[in-house]
Amino acid sequence: MPHSEKLLIGHSRFSGGRDWRKCCPPYCDCVFPSTMKVTAYKGDLSELFMCRCGENDVEAPELQWQWYDHPESDVRIVGPTVIFHPAYSQGTAIVKGNKPLEVDMVHFWEIRILTVLAGTDVMFGIGTECVDLTQFPFHFVSALGANAFSWGFSYEGKIQHDAVQLPYGQKFSQGCIVGIYLDRSCGYLEFFLNRRSLGVAYKNIPLDPNIKLYPMVSSTTAKSAIRLINASSEVDCLQLRAFRALSKQTKALKELKQMPGFKLLLKNYWFFAPPVRYSQRSKKSQLDLVDEAVLPSKSLVSRKQKYKDDTDDINDLYGNAHKIASNRRLPEAEADHPFKEYFDEYFQYLF
């Protein structure tokens with residue numbers, strides 16, 4: 001029998017026996033099948049995963065892409081669920097979306113981790129059409145970011161591009177939700193963990209419309225499973241940028257949600273202000289993923305760096321829209337407007 005990478009049998013239901021204080025707690029408190037149960041199960045693994053948290057709590061558009069079922073990949077695809085190495089693992093499997101992520105648009109998708117992540121690597125990210133999905137059938141590697149054609153975020157908390165790994169966030173495993181935000185107008189790639197931003201990871205994403213980019217996931221772990229729970233793509237415009245800026249203002253966003261005329265807007269741009277649900281372990285640990293993100297590279301831009309007020313690029317709408325205050329005076333009739341303290345130069349584009 002060839003060398004195989006087996007699932008680790010651990011005591012923790014979501015971290016493969018790892019100390020949960022060192023691994024990001026799951027998104028919710030739902031019970032997931034143990035590693036032993038997953039390993040021994042002979043039926044369709046997708047039947048074991050009953051939790052739908054993160055799927056039913058957002059009013060988002062339908063999935064705008066699905067997984068591409070490559071005939072030679074060692075994966076089993078059941079709707080939005082992907083099971084890597086259904087029998088045993090002897091290498092690295094890669095899966096990608098069936099549609100490219102277009103330029104001049106922003107793309108956001110979320111993936112729920114259904115099994116314990118272990119072994120060499122499980123990665124989430126993007127890649128060009130030059131990525132060979134069957135390149136590593138007999139090698140255990142960190143596939144996404146192994147060359148210049150892909151960018152990846154590892155379950156070990158590191159990011160990788162062009163074979164350069166950098167620390168980025170916390171380790172994560174079963175029960176967590178990984179979010180990927182790709183801005184193909186500015187060339188930014190940002191990752192989320194349980195709907196908390198980890199900061200901009202890369203600013204070198206190609207903007208050439210001839211370069212096709214696809215969402216991708218790679219895994220070396222036998223019977224590892226993930227599910228695509230949300231996938232949205234929206235045209236980049238001032239309205240989108242204004243909503244992103246407004247989403248940082250909690251009180252203003254709460255008022256906006258009460259206005260019936262903005263129902264469609266809230267549905268389309270839900271990913272800027274998604275509902276957040278914390279497990280009991282998450283509450284006890286009091287972890288702030290935004291503050292804990294480690295972004296040491298010049299190609300990485302932390303939130304504090306990105307939003308510093310002394311930036312020289314006054315035309316950077318992405319980085320400055322949240323802080324551009326309006327100098328115009330409100331008419332007396334608007335003096336009591338619920339948004340009067342939140343008006344900025346771009347807020348008008350929401351109306």
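The values are calculated or read from the model by the stated rules, or taken from the named source; none is laboratory data. Quick caveat, the model's predicted, so the values are computed rather than measured. Glycine gets a Cβ as well: all are built from the backbone with ideal geometry, and neighbour counts include every protein chain shown. For the accessible areas, the whole protein counts, side chains as well, though only heavy atoms, and no ligand, DNA or RNA atoms are used. Shrake-Rupley method; radii C 1.70, N 1.55, O 1.52, S 1.80 Å.
When restricted to residues that are open to solvent by 10 Å² or more (accessible area, probe 1.4 Å) and touching a strand residue (DSSP E or B) at 6+ places or on another chain (Cβ under 7 Å), segment 186-201 contains 4.
Rundown of residues vs (1) at pLDDT 90 or above; (2) surrounded by fewer than 16 Cβ atoms within 10 Å (Cβ to Cβ), yes/no style:
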position	(1), (2)
Asp57	no, yes
Pro61	no, yes
Val75	yes, no
Gly79	yes, yes
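Taken over segment 118-137, the criterion of being part of a loop (DSSP other than H, G, I, E, B) and either at pLDDT 95 or above or open to solvent by 10 Å² or more (accessible area, probe 1.4 Å) (or both) is satisfied by Gly119, Thr120, Asp121, Glu129, Cys130, Val131, Asp132, Leu133, Thr134, Gln135, Phe136, Pro137.
If you filter segment 167-185 down to residues that are under 15 Å from Phe153 (Cα atoms) and of a type in the set (S, T, N, Q), you find that the one that is most open to solvent (accessible area, probe 1.4 Å) is Gln170.
For segment 261-278, which positions are over 23 Å from Leu182 (Cβ atoms) and open to solvent by 30 Å² or more (accessible area, probe 1.4 Å)? Of everything in segment 261-278, those that are over 23 Å from Leu182 (Cβ atoms) and open to solvent by 30 Å² or more (accessible area, probe 1.4 Å) turn out to be Gly261, Lys263, Arg277, Tyr278. Here is a check on your reading of the model: is Val31 open to solvent by 60 Å² or more (accessible area, probe 1.4 Å) and modelled with pLDDT of 90 or more? Answer is yes for this residue. Identify all residues within segment 42-55 that are in a loop (DSSP other than H, G, I, E, B) and open to solvent by less than 70 Å² (accessible area, probe 1.4 Å); write none if there are none. Listed by number, the residues that qualify are Gly43, Asp44, Phe49, Cys51, Cys53, Gly54, Glu55. Condition first: buried (at least 22 other Cβ atoms within 10 Å of the Cβ) and touching a strand residue (DSSP E or B) at 6+ places or on another chain (Cβ under 7 Å). Can you find one or more residues in segment 203-210 that meet it? No, segment 203-210 has no match at all.
Within segment 212-235, identify whether any single residue is closer than 20 Å to Val106 by Cβ, open to solvent by 10 Å² or more (accessible area, probe 1.4 Å) and over 22 Å from the mean Cα position of the chain (by Cα), and answer yes or no. Checked against the condition, which is being closer than 20 Å to Val106 by Cβ, open to solvent by 10 Å² or more (accessible area, probe 1.4 Å) and over 22 Å from the mean Cα position of the chain (by Cα), segment 212-235 yields no hits at all. Residues considered: Pro71, Pro25. Of these, the only one that is modelled with pLDDT of 90 or more, in a loop (DSSP other than H, G, I, E, B) and closer than 15 Å to Leu114 by Cα is Pro25.
Residues in segment 236-260 that are open to solvent by 50 Å² or more (accessible area, probe 1.4 Å) and at pLDDT below 90: Lys248, Gln249, Thr250, Lys251, Lys254, Glu255, Lys257, Gln258, Met259, Pro260. Restricting attention to segment 82-108, the residues being surrounded by 19 or more Cβ atoms within 10 Å (Cβ to Cβ), more than 18 Å from Gly127 (Cα to Cα) and touching a helix residue (DSSP H, G or I) at 6+ places or on another chain (Cβ under 9 Å) number 1. Among residues of segment 121-132 that are touching a residue at least 60 places away in the same chain (Cβ under 8 Å), those with a Cβ under 7 angstrom from a residue that is surrounded by fewer than 17 Cβ atoms within 10 Å (Cβ to Cβ) and hydrophobic (A, V, I, L, M, F, W, C), sequence gap 6+ or separate chain, pair up as Thr128/Ile211.
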